[in-house]
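Have a look at the structure below before the remarks.
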Amino acid sequence: MAANSSSPRVGVFVCHCGSNIAGTVDVEKVAKEISKMEGVAYAGTYIYMCSDPGQKLMRETIEKEKLDRVVVAACSPTLHEKTFRVNSKNAGLNPYQCEIANIREHCSWVHEDKAKATEKAIKITKSIVEKVKNDISLNDIEVPIIKNAVVIGGGVSGIQAALDIANGGYKTYLIERDSSIGGKMAKLSETFPTLDCSQCILTPKMVEAANHPNIELLTYSELEGISGYVGNFKVKIKKKPTSVNWNLCTGCGDCYSKCPVKVPSEFQEGLSKRTAIYTPFPQAVPNKPVIDRENCLYYTKGICKICEKFCKLGAIDFDMQEEIIEVDAGAVLVATGYQEYPLENLSDYGGGRYPNVISGLKFERLLSASGPTGGEIVRPSDGKPVKDIVFVQCSGSRDVEEHKPYCSKICCMYTAKHAMLFKHKVHDGNAYVFYIDVRTAGKDYEEFYYRTTEEDHALYTRGKVSKIFEDGNKVVVWGVDTLTGKKVEVKADLAVLAMAIEPSSGINEIKQKLKISLDENGFLKEAHPKLRPVESMTSGIFFAGTAQGPKDIPESVSQAGAAASKVLSMFSSDFLHKEPLICEINEDICSGCGVCITLCPYGALEAEIKTQDGKEVKRSKLNEALCQGCGTCASACPSGAATMKNDESKNMFKMIEVILE
C-alpha cells in the first residue's frame, strides 16, 4: 500500500496490556478521543495487541480501512516496536510509518489517578499521531558482512564460543591476554554438582581450540583498538613480546628449570613460586614459556641470560618487540570473565593480613591434585594439616553499605563443594559454614547441598560473621546464629572466604574501545535483559560468560553457545539489513564547521572536501553503517544541516503543540 503524506489515513490501536494499562488508563476513552483527530481513520482497543489475534486485528483493519500509517499505544518500543513494524509490513505498509505510543512505562506504571493517567495517555498518543502523519517511507540499509569473528577472552566461555563459530565454518580469532587459555576454570579442582575434574573436562577443549583449522589462537595478546562497524570491523591486536620464539621452542622446559628467579605464581594464587621464564601450568595451551620482563634479571639488571645458555634450540629472543596486527571481522564477542574481589578489602576478616585467611580460589588450589601441595590441605602459614575449617559465604557480596550489593551467585555452591571435598580428604575434620541464606538454583544443586549437610555433615550456621582474628596459631571466627540468637565463636586452623566476584581488570578499557556500556556494578550491559541477553547496544558486539554478570560454568557455556549462534545467524546472510532511522546531512546547508564530527560517539561522520564552482568546499559526510541514530549531531548542528530521518524539528514542534493544547 503506497503511503500518501498529503492525506494520511492513520489507524490507532490502543492496547489494554491485560490490566497493566487498562487498570490505570481508560483505554476506551483514549481511543474515543483519538478518533476525533484529523487524519485518524480508525481508533480501537484490544486486550493484548501483541498477541496473534491482536496482530491479526491490526492487519485486517489496515486492509479494511485502507490505512497508510499506524500508531500502537502500548508498551515500550524497546519491547515490541519491531513486532508491530513487522506486522505492519506484512499488511503492506512501510514499517517505518508505524510508531509506538508508550502509555505503559511512561503513563500507567507511574500513575495511580486514573483520570489523570487517562488524560496523559491521550496526550502521549496524540503526539505520536502527529509524528506518524509526517513520517516518510524509508528502506532498510544493506551492509556487507566480513565473515570472520573475534573472541576476546580465552576462558571456558570464550573457548566454547570460538569453537561453536569455528565449527560453523568461519574464521575465528581467539584473543587471550595471558600466555595460555583456560581462564579461572583451569584453576578449579573439581566442579559442582558432578565433581568432575575441572582440567579433565576443560583441557580437551583447550587443545581442540588450539588445533582447530578455523581458529587462530592469539595468546599473550590484547585488544589494542577497533574501528569500523557491524559486519566490517577492523580489529587491532597487540601481541606482547614473549621473548621466546615459539616457532622454535618445543616446550621442553630446560629454560625455566635453570632460571634463578622465584616469584609468586599467579596460577597457584601465590601459594608457590614460579620462575621469571615460565609456563603458567603444566597443561597450558599453548605449552610454551614467556619471560616475565618485570622480574627477569636480564631486563632489570642486565645480567643472567642463563635460559639462553640452556636453550639448545636458540629460541630465547631478548630483543623481541611488541607487535600490532590488524584483522577484519564482522562480529566481536566479549568473554573477559571475572576476578575475585580483593581479599584485602575485608579488613574485619583479616583479609590480606592473616596467612590462614584465604579466598575460595586459593582453596581450590589447595584442593587440586595439580596444586602446590598435591591436593593436601595444609595451612599456608606453617604447612600443618587442617582439622578445623570455617567457610564464610557472602564475603563482600550482598553488602550494600561497604562492598558489593549484588549476589555473586556461585559462592553457595562452591562453598558446599569445598566443605564436601574437605570432609572427603580429612575424615575426622570439622567444616563450619556461615551463611546468610543458601541459594541452590540449578540442576541437581539442591541435592548436592543436602549431600554436604546430611552425608558429609558440614555444620551450617545461619548468620553473618562479624570478625576474624588470630589467637596463637588459630584463627578465631566470631558470628551470631540468627536462628537461636546466640553468639558463636569457632577456633579454626583455616578460614576460607567466599569472595564476591567482579568483572576482570581492564573491563573499562574494553568498554571504551568497543563503545559498549557497563551496568551499575561494572559488568557488561546487554541490549535487553530478557529478549537480547547476549547482545550489546552496539550492533555486532556480543557477550558471554561472567563478564556480563555472575554465572556458573553451565550457564557460561550456554550463554557462549547463544552468543555464537547470534554470530552464526549474522553470517548466514551476505548482507545485514540496518534500520534507516539515522542521521542525514543536508549538503546545501552544511557549513563544514565539524561540530558533529567531534561529538559523534560512533565516529560515523567525517570531513569531506568537494570542488564546487571552482572552489573547495568542506562538508560533513555520514557513514550510514556506523550511525546508530542517537541524534547527538542533530542536536548540536548550528546550521540545522544534520537531522534525524522521521524525527525532524518540524515533527517535534507538531508533537509539542498537541501536548500543550
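The values are calculated or read from the model by the stated rules, or taken from the named source; none is laboratory data. Here the structure is a predicted model, which means the values were calculated and not measured. Neighbour counts run over all protein chains shown; Cβ positions are idealised from the backbone, glycine included. All accessible areas refer to the heavy atoms of the entire protein, side chains included, with ligands and DNA or RNA removed. Shrake-Rupley method; radii C 1.70, N 1.55, O 1.52, S 1.80 Å.
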ask   = Dipole magnitude of segment 289-427 about its Cα centre, charges +1 at Lys/Arg Cβ and -1 at Asp/Glu Cβ only, in debye to the nearest 20?
value = 940
ask   = Where Lys and Arg each count +1 and Asp and Glu each count -1, what net charge lies around Ile510 among other residues with Cβ under 11 Å from its Cβ?
value = +2
request  = With label points built 7 Å along Cα→Cβ from the Cα atoms of Lys387 and Lys64, find their separation and express it in nm.
outcome  = 8.5
HN-Hα J in Hz across segment 414-428 - Karplus 6.51, -1.76, 1.60, θ = phi - 60°, x for Gly and Pro = 6, 5, 4, 5, 4, 5, 5, 5, 4, 5, 5, 8, 10, 5, 9
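Ranked from the most accessible area to the least, with a 1.4 Å probe and all protein chains present, what is the order of Lys66, Lys513, Lys654? Can you show the working numbers first?
On the way: Lys66 140, Lys513 70, Lys654 95 Å².
Descending accessible area places them as Lys66, Lys654, Lys513.
Quick one: net charge around Lys474, please, counting Lys, Arg +1 and Asp, Glu -1 for every other residue with C-beta under 9 Å from its C-beta.
Taking every Cβ under 9 Å from that of Lys474, the sum is -3.
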ask   = What is the mean projected area of the alpha carbon convex hull for the chain, to one decimal in square nanometres?
value = 37.8
remark   = Of all DSSP beta bridges with both partners in segment 320-470, the antiparallel percent, nearest 5, is 10
note = The answer for trypsin sites (Lys or Arg not before Pro) in segment 233-297 that fall in a DSSP coil and have at most 11 neighbouring Cβ atoms within 10 Å is none
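Could you order His427, His80 so the one with the most accessible surface comes first? Probe is 1.4 Å.
Working: His427 145, His80 45 Å².
Descending order: His427, His80.
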Beta bridge orientation in the chain: antiparallel %, DSSP, nearest 5 = 55
message = With the alpha-carbon atoms as the only input, what is the per residue convex hull volume for segment 109-258 in Å³?
response = 246
request  = Return the loop-located GluC sites (Glu not before Pro) in segment 469-574 (DSSP other than H, G, I, E, B) with at most 16 other Cβ atoms within 10 Å of their own Cβ; answer none if there are none.
outcome  = Glu520
task = Quick one: what are the phi-derived ³J(HN,Hα) couplings along segment 331-340, Karplus 6.51/-1.76/1.60 with θ = phi - 60°, whole Hz, x for glycine and proline?
result = 9, 10, 10, 9, 9, 8, x, 9, 9, 6
query = Taking a label point 7 Å from the Cα of Glu294 along the Cα→Cβ vector, which residues of segment 221-237 have an amide N closer than 19 Å to it?
reply = 221-223
Separation in nanometres of the label points that stand 7 Å from Cα toward Cβ, at Ser51 and Lys515 = 4.2
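Once R0 is set to 60 Å, what does the formula 1/(1 + (r/R0)^6) return for the Cβ-Cβ distance between Thr484 and Cys630, expressed as a FRET efficiency to the nearest 0.05?
The calculated FRET efficiency here is 0.55.
Can you tell me what the convex hull of the Cα atoms of segment 510-599 projects to on average, as an area in nm²?
If I average the Cα hull's projected area over directions, I get 8.5 nm².
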task = Extending each Cα 7 Å along its Cβ direction at Phe310 and Glu454, get the distance between those two points in nm, one decimal.
result = 5.5
note = Taking placed amide H atoms and a strict 5 Å upper bound, the residues 5 or more places from Gln548 or on another chain that come that close are Leu524
query = With respect to the cross-link table entries Lys205/Lys240; Lys578/Lys618; Lys384/Lys474, which display a Cα-Cα separation exceeding 22 Å?
reply = Lys205/Lys240; Lys578/Lys618
query = What percent does the relative contact order of the chain come to when contacts are Cα pairs within less than 8 Å and at least six residues apart?
reply = 13
remark   = Residues other than Ser127 with Cβ under 12 Å of its Cβ, Lys/Arg counted +1 and Asp/Glu -1, net out at +2
message = Given contacts defined as C-alpha pairs under 8 Å and at least six residues apart, what's the relative contact order of segment 130-173, whole-number percent?
response = 38
ask   = In whole Hz, what ³J(HN,Hα) sequence does segment 653-661 give by Karplus (6.51, -1.76, 1.60; θ = phi - 60°), x for Gly and Pro?
value = 5, 4, 5, 5, 4, 6, 5, 7, 4
task = Quote the FRET efficiency, to the nearest 0.05, computed for Asp444 versus Ser565 with a Förster distance R0 of 22 Å and r equal to the Cβ-Cβ distance.
result = 0.30
query = Can you give me the Cα centroid spacing of segment 319-395 and segment 400-453 in angstrom?
reply = 17
request  = Name the residues whose placed amide hydrogens come within less than 5 Å of the amide hydrogen of Asp196, ignoring near sequence neighbours (fewer than 5 apart) on the same chain.
outcome  = Thr191
request  = Round to a whole angstrom and tell me the spacing of the C-alpha centers of segment 634-661 and segment 270-296.
outcome  = 60
query = Using modelled amide H (1.01 Å from N, peptide plane; none on Pro or chain starts), what sits under 5 Å from the amide H of Tyr229, excluding residues fewer than 5 places away?
reply = Lys234
Segment 444-495: relative contact order as a whole-number percent, Cα under 8 Å and 6+ apart = 25
request  = Be a star and scan segment 141-168 for residues whose amide nitrogen sits under 18 Å from the point 7 Å along the Cα-to-Cβ vector of Ser227.
outcome  = 146
key: Separation between Cα centres of segment 558-601 and segment 95-124, rounded to whole Å   = 30
ask   = From a point 7 Å beyond the Cα of Asp254 in the direction of its Cβ, which residues of segment 294-314 have a backbone N at a distance under 14 Å?
value = 306-314
ask   = Taking every DSSP beta bridge that has both residues in segment 129-286, what percent is antiparallel when rounded to the nearest 5?
value = 55
request  = Please find the FRET efficiency linking Ile597 to Ser505, where r is the Cβ-Cβ separation and R0 is fixed at 45 Å, and quote it to the nearest 0.05.
outcome  = 0.85
ask   = Counting other Cβ atoms within 10 Å, which trypsin sites (Lys or Arg not before Pro) in segment 353-410 have at most 15 and lie in a DSSP loop?
value = Arg353, Lys387
